[in-house]
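The values are calculated or read from the model by the stated rules, or taken from the named source; none is laboratory data. Since the structure is predicted, the reported quantities are computational estimates derived from the model, not experimental observations. Cβ sites come from the backbone with ideal geometry, for glycine too, and all protein chains shown count toward neighbours. In case anyone asks, the SASA skips ligands and DNA or RNA and just uses the protein heavy atoms, side chains included. Shrake-Rupley method; radii C 1.70, N 1.55, O 1.52, S 1.80 Å.
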Amino acid sequence: MDDYRRLADRIADDITAGRLEPGQRLPPQRVFARRRGIAGSTAGRVYAELVRRGLVVGEVGRGTFVRAAPAGTGRALVETGATEAPVNLELNYPSAPGQSELLAPALAPLQRPDVLTEALRPAAANGTPAARQAAAALLATPGRRPAPDRILFTGNARQAIAATLASLVRPGGRLGVEPLTYPLVKEIAARLGIALVPLAADEGGVRPESVAAVHRRTPLSALYLQPTLHNPTSLTTSGERLRQLAAAVRALDIPVVEDRIWSFLTDDDPLAAHAPDLTHVVDGLSKRVAPGLTVGFVVVPEARLGAVAAAVRSGGWSAGRFAVEAATRWIGDGTVQRLVAAKRADAARRQRIVGEELRGFVVRSDPRAYFAWWELPAPWRADTFTAAAAAHGIAVTPGPAFVVDPNRTPDAVRLGLASVPEPDLRRALRTLAGVARGTP
């Protein structure tokens, strides 16, 4: 079990045993971290875990307080946690009807001994010629088709992000990110000793002048951006803003990691179409296909192929040859394209359910996306609402999980729409709407 979960266990036990009483204030996270000899980021995860279990509540400007703990909470809740809730709107892996039946035929040839022997050999970071051609076709957009010889393969998109960041930013370096960013990037940055620097953004995306201003104060080593269906807001940066951003990074010579993991739901061109010599495009199959057998891709500027490939090898992030062979076959026989079409239609249906069940609330989303950003009505805060949702058997992701600047905590939650059946999604959203119309 992760260290932060063990620490959360101990505090949970203290709460359920009465050693920490309802209303008692926990120490500030920095004090907790100092006393325990742990990193501030680890302390933050401990407190977030306690919030997710409904054991504590945070109040901006006041601190974190113990809630009244119902009988039976504590360590048993830890083992299940919010992610084991009957309706899990944290996980977000789409699945198309008949998905397994679509995937199975391409795997049949891999059962031949001669083919399987090849598929079980170690995989190089640049895959195979057939895999590179297939990936180039898969990642093509109307305005850009990546060169096959610039594609590297990893075990999944998360590993692609980690390898690319490790190749670009040294420990102590600064990475510019959107003010709300993918939580895993926060964890990767902490492990690599990278400082995240929030950039100013508006309804159009990251503002190019913010990149220049931040870089002038203290140089940035790179940027990590999600211009297409940004997680959690589902914002897609316009073509004009992409061109402005491309001009800014070219003028400043700042490399970019562009996360395109949700781009299969759109036909939008990437930032890389405007700044190909600086942009490293990260993508993968976990959302397009399935999380259990997946491959990550990095489209790398030609001058940086060696550096990123070395990072993939040294980090142990290479893709499995079997997975690469399976992915190549799924792309080549049209299976991935059929799954993408089905999932686009599925996402649109689920967004209509959001619109119907959360009508009247402030919900930011895109009709193509598999998630929604719900700005909660007062007096709800993200942590109290997350705890209330958990009490109703529904897991949601609190807004602070995405925040880079801890002084700007949004009273919002992200709803992942992909992983539960549509009837369950509708019932869960209806329940959450009822909770939101009440008071904490």
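Figures for the structure shown
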{"read-out": "Qualifying residue in the range 355-365 (condition: more than 22 Å from L285 (Cβ to Cβ), open to solvent by 20 Å² or more (accessible area, probe 1.4 Å), at pLDDT 95 or above and in contact with a Gly (Cβ under 9 Å, 6 or more places away or on another chain))", "value": "yes"}
{"read-out": "In the range 346-373, the residues that are among the small types (G, A, S), without any contact (Cβ under 8 Å) to a residue 24 or more places away in the chain and in a loop (DSSP other than H, G, I, E, B)", "value": "G360"}
{"read-out": "Elements of type helices (runs of 4 or more DSSP H) contained in the range 1-86, each with 2 or more residues being modelled with pLDDT of 60 or more and closer than 30 Å to S419 by Cα", "value": "3-16, 40-52"}
{"read-out": "Of residues in the range 251-282 being in contact with a helix residue (DSSP H, G or I) (Cβ under 6 Å, 6 or more places away or on another chain) and within 14 Å of N156 (Cβ to Cβ), the one most open to solvent (accessible area, probe 1.4 Å)", "value": "I261"}
{"read-out": "Filter result (part of a loop (DSSP other than H, G, I, E, B) and among the hydroxyl-bearing types (S, T, Y)) within the range 88-110", "value": "Y93, S95"}
{"read-out": "Residue count for the range 408-440, restricted to those that are open to solvent by 60 Å² or more (accessible area, probe 1.4 Å), farther than 15 Å from R381 by Cβ and not in a helix (DSSP H, G or I)", "value": "1"}
{"read-out": "Qualifying residue in the range 172-189 (condition: part of a loop (DSSP other than H, G, I, E, B) and hydrophobic (A, V, I, L, M, F, W, C))", "value": "no"}
{"read-out": "Residue within the range 154-170 that is under 16 Å from V256 (Cα atoms) and assigned to a loop (DSSP other than H, G, I, E, B) present", "value": "yes"}
{"read-out": "So R350, is it open to solvent by 30 Å² or more (accessible area, probe 1.4 Å) and among the basic types (K, R)", "value": "no"}
{"read-out": "Test: residue in the range 374-381 that is more than 21 Å from the chain's Cα centre (by Cα) and in a helix (DSSP H, G or I)", "value": "no"}
{"read-out": "Filtered residue count, the range 84-116, keeping only those that are more than 20 Å from the chain's Cα centre (by Cα) and exposed (fewer than 12 other Cβ atoms within 10 Å of the Cβ)", "value": "11"}
{"read-out": "Any hit, the range 82-99, residues being hydroxyl-bearing (S, T, Y) and under 27 Å from R6 (Cβ atoms)", "value": "yes"}
{"read-out": "Residue, most open to solvent (accessible area, probe 1.4 Å), within the range 157-190, restricted to residues that are closer than 24 Å to D3 by Cα and polar (S, T, N, Q)", "value": "Q159"}
{"read-out": "Residue, least open to solvent (accessible area, probe 1.4 Å), within the range 191-204, restricted to residues that are without any contact (Cβ under 8 Å) to a residue 60 or more places away in the chain, part of a strand (DSSP E or B) and out of contact with any Asp or Glu (no Cβ under 8 Å at 6 or more places or on another chain)", "value": "A195"}
{"read-out": "Residue, surrounded by the fewest Cβ atoms within 10 Å (Cβ to Cβ), within the range 378-399, restricted to residues that are out of contact with any helix residue (DSSP H, G or I) (no Cβ under 6 Å at 6 or more places or on another chain) and over 30 Å from A96 (Cβ atoms)", "value": "A378"}
{"read-out": "Residue in the range 294-302 that is buried (at least 20 other Cβ atoms within 10 Å of the Cβ) and either of a type in the set (D, E, K, R) or assigned to a helix (DSSP H, G or I) (or both) present", "value": "no"}
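For every residue, the table says whether it meets (1) touching a residue at least 24 places away in the same chain (Cβ under 8 Å); (2) closer than 30 Å to A131 by Cα.
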{"site": "V169", "(1), (2)": "yes, yes"}
{"site": "L175", "(1), (2)": "yes, no"}
{"site": "L180", "(1), (2)": "yes, no"}
{"site": "A213", "(1), (2)": "no, no"}
{"site": "P219", "(1), (2)": "yes, no"}
